[in-house]
Amino acid sequence: MPRRFRQVLAKAWFPLIAVTLAGCGSSQKAASVAEMKRVQAAFGDLQIALDAGVSKQEFSQRLNDTLIKIGNLQNSEKLAENGLPKDKVAQVYIHFHRAAEAYKMSKEFFGDDLTASWEPDEVRAKFPELAESLGSHKILLRSAILQGLWKFAEERTRAASNLIDQL
């Protein structure tokens, strides 16, 4: 094969190879974003149910279903890291982890009875972001803490969603 022909052939194939490789990277990015959107959607579905009103038993079941649907958040994060900057993905998953923690803790606060004096302090310690909204009261309504945790979880999910949209 003449040298000139090989040069022309190489020049013709190079753009095709570049497009193919770029497509693979784009495909990885799309799969990573899809994984994060899957987790976001699961939390979003749970929040929709909460907005409609649920009993303690219904919430507990829906939360368990949501957590099963999401699976292990660490594994999900590793999947999402393919094709995306790890630091950006880590920021998204910090929000997802915090939302999951808030939803899990909220199961303890169903009902209108007053909380024990240690419970608000425990929530403030685990979720310092809620300290201002809970105030400095030693005794609070359980429903106030419940609503605060749900709102916090919803805000974390929204923050994760905003970060995903920036990727």
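The values are calculated or read from the model by the stated rules, or taken from the named source; none is laboratory data. Everything quoted here is computed from the prediction, not taken from an experiment. Cβ placement follows ideal geometry from the backbone for every residue including glycine, while neighbour counts extend to all protein chains displayed. The protein model used for the area step is the full one, side chains on, heavy atoms only, and it has no ligands, DNA or RNA in it. Shrake-Rupley method; radii C 1.70, N 1.55, O 1.52, S 1.80 Å.
For the reader, a short list of remarks on this structure follows.
- Positions within region 88-103 being among the hydroxyl-bearing types (Ser, Thr, Tyr) and under 10 Å from Leu149 (Cα atoms), in sequence order: Tyr103
- Cβ separations smaller than 9 Å between residues 6+ apart or across chains give the following pairs from region 46-61 residues that are modelled with pLDDT of 95 or more to residues that are open to solvent by 90 Å² or more (accessible area, probe 1.4 Å): Leu46/Arg62.
- When region 45-59 is filtered for residues that are open to solvent by less than 90 Å² (accessible area, probe 1.4 Å), in a helix (DSSP H, G or I) and closer than 17 Å to Gln147 by Cβ, the ones remaining, listed by number, are Leu46, Gln47, Ala49, Leu50, Ala52, Phe59.
- Test: Ala100 is open to solvent by less than 10 Å² (accessible area, probe 1.4 Å), out of contact with any helix residue (DSSP H, G or I) (no Cβ under 6 Å at 6 or more places or on another chain) and among the small types (Gly, Ala, Ser): yes
- Every residue from region 103-119 that is under 22 Å from Arg38 (Cα atoms) and open to solvent by less than 20 Å² (accessible area, probe 1.4 Å): Tyr103
- Residue satisfying all of: in region 76-121; under 12 Å from the mean Cα position of the chain (by Cα) and acidic (Asp, Glu); nearest to Gln57 (Cα to Cα) among these: Glu101
- Taken over region 122-167, residues that are closer than 17 Å to Phe109 by Cβ, of a type in the set (Gly, Ala, Ser) and over 19 Å from the mean Cα position of the chain (by Cα) amount to 6.
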